[in-house]
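Asks: Below: one structure in structure tokens.
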Amino acid sequence: MDETYWFDATPLTVKPEKAADAPDSASNKFRKAWGGGAGLKGRLEAVRSANIQGMASDLWKDFWAGGDEIKRFAEVNQLEFHRQQYDRQWEEGGALPGMIFRGGERRDFLTWGEPIAIEFGNWSSIGSELEQAFGYVAVRHDLGLPHLIIDARANDATPPPGSWFYASKSSYRSLSENYYGSESASAMDRVRSRTERLDLGPEIDSYFQAYCDLGESAAARAFLTPERLQMLCAASMEFDIEITSEWVYLYALGITISSPDADRWAWVLSVTSRLVDHVRSWSAAAGKEPAIARPPFYTDRTVPRPADLARLPTPSPGWQAFWDLGDPHK
């Protein structure tokens, strides 16, 4: 195990031997025959005697060996790997009960616990004008908490100068707002009619906009103690957040969470460990046994966000931008 990491990063950091490079592989034998052939005649003989079926098999094995780093990473770290799952609207029971999981698919997602207590993955919409992509972390708490949505300001994007018709974060400027030019609804628009803005004062508002279910502002304020507000302010510097009655979600708009990059996993697992700490403290405050155990990848380390994630996704134009060039703000 690489001592740089507290988890087993070997599948992500050590390049596996290719099937085509094995001494007895058809591909390796052909390369030797081709390289050792005496001129054109020798190379023609190498082609004539080549094991085409074996070489195709080597190519297929290499393809899958190179694409399964995340699967092997999951296996050695006691996580369950899932390649793909299509999600219907969660009201129909087809997905996690979070605001983003509607009519899209989860890919390369990893789970831990039975029943599932933690999930990491990548989600993207299907059939939208522009693809809406999120990386996410979900941690189960089962504490019946009030529904809260934290729309972080730190990851809101501004269109390039003179490009008022651009969409950002694939389709979003923020969790609750699109740029003019995109016909795709924001994630917030899907639940806006059932929520209300929660005014927490100018200091908190500088970090995020908070929303709760209609008529639930008193319960939401009771949950948001100064310590929890501090935790949400810190987390909102990197994520949008949603808390439901059973789960807490971190949403990374436009960022791949489940990736073959070891440093990115170090950041994700560190962040998740801190979230597990908070969920356990919420259980203690409610006088209940911890709803979640510390997972095998738990760490006390605080790992900063990788440098390659420092910039927000590049804005991309919405469909209407090509047809309606009048500035609606003039």
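Asks: Any chance you could run the full-extension gain for A286 through T10? It's 0.36 nm times the residue separation minus the Cα-Cα distance, nm to one decimal.
Replies: Once the chain is fully extended between A286 and T10, it gains 95.4 nm.
Asks: So if each residue of separation counts as 0.36 nm, and I subtract the Cα-Cα distance between I52 and L214, what length gain in nm does that give?
Replies: Between I52 and L214, full extension yields an extra 51.7 nm.
Asks: Same structure again: Quick one: Karplus J couplings for the range 250-260, per residue in order, coefficients 6.51, -1.76, 1.60, θ = phi - 60°, nearest Hz, x for Gly and Pro?
Replies: 10, 10, 10, 5, x, 10, 7, 8, 8, 9, x
Asks: Each residue of the range 299-309 in turn: what ³J(HN,Hα) in whole Hz from Karplus with 6.51, -1.76, 1.60 and θ = phi - 60°, glycine and Pro shown as x?
Replies: Per residue, the Karplus-derived 3J(HN,Hα) values read 8, 8, 5, 10, 9, x, 4, x, 4, 6, 10 Hz.
Asks: Given H placed on each backbone N at 1.01 Å, which residues far from W247 in sequence or on other chains put an amide H within less than 5 Å of it?
Replies: Those qualifying (amide H under 5 Å, at least 5 residues apart or on another chain) are H141, D142.
Asks: Give the residues of the range 237-279 whose amide nitrogen is closer than 17 Å to a point set 7 Å from the Cα of Q78 in the direction of its Cβ.
Replies: Counting backbone N atoms under 17 Å from the label point, the list is 269-270, 272-274, 276-277.
Asks: Further question on the same structure: For R153 and Q85 in one chain, what is 0.36 nm times their gap in residues minus the Cα-Cα distance, to one decimal in nm?
Replies: This chain segment gains 21.4 nm when fully extended.
Asks: Within the set of other residues whose C-beta is less than 10 Å from the C-beta of S236, count the net charge using Lys and Arg as +1 and Asp and Glu as -1.
Replies: Local net charge: -2.
Just so you know, all these numbers are worked out from the coordinates, no wet-lab data involved. Note that this is a predicted model, so its numbers are computed, not measured. Glycine gets a Cβ as well: all are built from the backbone with ideal geometry, and neighbour counts include every protein chain shown.
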